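Trainee: Would you mind keeping the following structure in view while I ask a few things?
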Amino acid sequence: MIITPKELQSWIKQGKNFTVFDVRPKKEIKKNPLSKLDSIAGELEEYKEIKGIVVLVCQIGLVTESMIIQNELFDTYSLLGGVEAWTNFIKEKNDLSRWSRQTILDEIGFEGQKKIMNSNVTIIGMGGLGCPAACSLVASGLGALKIIDGDEIEVSNLHRQHLFRERDIGKKKVLSAKKRLESLSEHVSISAKDIYLNEENGYDLIKNSDIIIDASDNIATRFIIDKLSKKKNIPLVYGALYKFEGYVSIFNVNGSKGYSELFPGTAISSETCNDAGILGMMPSIIGNMQALETIKLIVGIQPNLVGKLMLYNGLLNTTQIIEL
Amino acid sequence: MIKIKIKCFSQVRYALGKDEIALELDEGTTSDDLEKMIREKALGKLENVTLGIAINKKYVLDDTKLNDGDEIAFIPPVQGG
């Protein structure tokens, strides 16, 4: 079983009877002591002599989780995120253990997680790309998300827009998406705009955004989004689809190229997803790539797709990177 | 003569029915010349499609002279989301 730092603290406040058992080597305990938590340390054999509820603690919470499974331990909890999550919780009164599987990554860490939680992202289009991008960003702990789309849910959307259910058909996309996303995380603030973005309303809609995600489905809107991104100096994470292929890029970061430099003047494409067809997995892949690039931008992870266009082909299993 | 390879993406791939095409071209052929040839090969299927061009994985906007061994990618704008 798992217990979070927040839950453990509430046990302490309630006066619940339990023992904290630190399984780390003595050298590591000395280096990173467990603060504000009475504990005993030792080997697994010593633990077995303890009666009652036990909370096992290791450095990042992974050793104790596998100990419980491998030894089929009862009445035993593993502290999620381990000493690192507990120490951060005590220091900052903010329980980040929910994201312990990503904070243990050197590239993310607690500092990266805090940046994600303090970020404000706007997604334009809550269709095939917008649904997976929103879902992954909210799950990753994003602080604020604005979703913009004036469309309603149709039965033909359901094979690729997995935030929606059969009972949602006919409802507004952004309202159903907001409800589902809020049930995924209590940590996110979601603003749903039931409107299509255009040149007139665009500036108001994207203001205060740290990053814009283009998940729209037509070239005219893509040009408007690019213009807004340039004008307001807000990075734009671009994604687009055609049958088994997808394009991903990050536009307009410190003067890097944007959509209008890719297709100067005008761009004409003959088919939409509705005309050309699309397999449901493709928008999930490309939308998640957009979410990944968004997280990399927020945290400051290199390399990313600034100044590059990635072309993915799901039929041929190929990826090409074009330098812009 | 120069030998080049064309990588086909999205509508270009479907219009020509191939993922890659190898061609021998006259010395001095440019990217604009090649684009015209590709449009002719597509028999009108790319008539209403804008084409971006990359040479050796570098996007180019100006008409560029092609060299032996170049790899050219035609990249149409796609709009699906």
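Trainee: Does A:Lys172 count as of a type outside the set (A, V, I, L, M, F, W, C) and open to solvent by less than 80 Å² (accessible area, probe 1.4 Å)?
Mentor: In short, yes.
Trainee: Give the range B:30-41 a look and list any residue that's free of Cβ contacts under 8 Å to residues at least 40 places away in the same chain and buried (at least 19 other Cβ atoms within 10 Å of the Cβ), or say none.
Mentor: Residues satisfying the conditions are B:Leu34, B:Ile38.
Trainee: Consider A:Ala139 against the criteria (1) away from chain B (no Cβ under 14 Å); (2) among the hydrophobic types (A, V, I, L, M, F, W, C); (3) under 13 Å from the mean Cα position of the chain (by Cα); (4) buried (at least 18 other Cβ atoms within 10 Å of the Cβ): it satisfies all of them except one. Which criterion is unmet?
Mentor: Against the list (1) away from chain B (no Cβ under 14 Å); (2) among the hydrophobic types (A, V, I, L, M, F, W, C); (3) under 13 Å from the mean Cα position of the chain (by Cα); (4) buried (at least 18 other Cβ atoms within 10 Å of the Cβ), A:Ala139 comes up short only on (4).
This table checks each residue for (1) among the small types (Gly, Ala, Ser); (2) touching a Leu at 6+ places or on another chain (Cβ under 9 Å); (3) within 13 Å of chain A (Cβ to nearest Cβ).
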position	(1), (2), (3)
B:Ile4	no, yes, no
B:Phe9	no, yes, yes
B:Ala15	yes, yes, yes
B:Thr30	no, yes, no
B:Glu35	no, yes, no
B:Ile38	no, yes, no
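Trainee: Sticking with this structure for a sec: Here is a list: A:Ile190, A:Ile211, A:Ile234. Which entry is farther than 25 Å from A:Gly265 by Cβ and free of Cβ contacts under 8 Å to residues at least 60 places away in the same chain?
Mentor: A:Ile190
Trainee: Can we say B:Ile72 is part of a strand (DSSP E or B), open to solvent by less than 20 Å² (accessible area, probe 1.4 Å) and away from every other protein chain (no Cβ under 14 Å)?
Mentor: Against the criterion (part of a strand (DSSP E or B), open to solvent by less than 20 Å² (accessible area, probe 1.4 Å) and away from every other protein chain (no Cβ under 14 Å)), B:Ile72 does not qualify.
Trainee: Continuing with this model, one more query. Take A:Gln161 and decide whether it is farther than 20 Å from A:Met289 by Cβ, at pLDDT 95 or above and open to solvent by less than 10 Å² (accessible area, probe 1.4 Å). Walk me through it before giving the result.
Mentor: Details: farther than 20 Å from A:Met289 by Cβ: no; at pLDDT 95 or above: yes; open to solvent by less than 10 Å² (accessible area, probe 1.4 Å): yes.
So A:Gln161 does not fit the description; no.
Trainee: Looking at the range B:51-65, which of the residues that are buried (at least 18 other Cβ atoms within 10 Å of the Cβ) and touching a residue at least 24 places away in the same chain (Cβ under 8 Å) is nearest to the other protein chains (Cβ to nearest Cβ)?
Mentor: B:Gly52
Trainee: Go through A:Ile108, A:Ile123, A:Ile153 for me and flag whichever is open to solvent by less than 40 Å² (accessible area, probe 1.4 Å), under 25 Å from A:Lys207 (Cα atoms) and β-branched (Val, Ile, Thr).
Mentor: Exactly one of A:Ile108, A:Ile123, A:Ile153 is open to solvent by less than 40 Å² (accessible area, probe 1.4 Å), under 25 Å from A:Lys207 (Cα atoms) and β-branched (Val, Ile, Thr), namely A:Ile123.
Trainee: Among the listed residues A:Lys114, A:Lys91, which satisfies the condition of being surrounded by fewer than 18 Cβ atoms within 10 Å (Cβ to Cβ) and of a type in the set (D, E, K, R)?
Mentor: Checking each option against the conditions leaves just A:Lys91.
Trainee: Moving to a separate point now. Among the residues that make up the range A:294-303, is at least one of them more than 14 Å from chain B (Cβ to nearest Cβ) and open to solvent by less than 20 Å² (accessible area, probe 1.4 Å)?
Mentor: Yes, the range A:294-303 contains a residue that is more than 14 Å from chain B (Cβ to nearest Cβ) and open to solvent by less than 20 Å² (accessible area, probe 1.4 Å).
Trainee: Only one residue in A:Ile169, A:Ile195, A:Ile211 is away from chain B (no Cβ under 14 Å) and closer than 30 Å to A:Lys114 by Cβ, so which one is that?
Mentor: None of the other options fit; the residue is A:Ile211.
Trainee: For residues that are of a type in the set (A, V, I, L, M, F, W, C), closer than 12 Å to B:Val78 by Cβ and part of a loop (DSSP other than H, G, I, E, B), tally how many sit in the range A:240-276.
Mentor: 4
The values are calculated or read from the model by the stated rules, or taken from the named source; none is laboratory data. Keep in mind that this is a model prediction, so the values were computed, not measured. For neighbour counting, all protein chains shown are included, and Cβ atoms are generated from backbone atoms with ideal geometry for every residue, glycine included. Heavy atoms of the whole protein, side chains included, go into the accessibility calculation; ligands, DNA and RNA do not. Shrake-Rupley method; radii C 1.70, N 1.55, O 1.52, S 1.80 Å.
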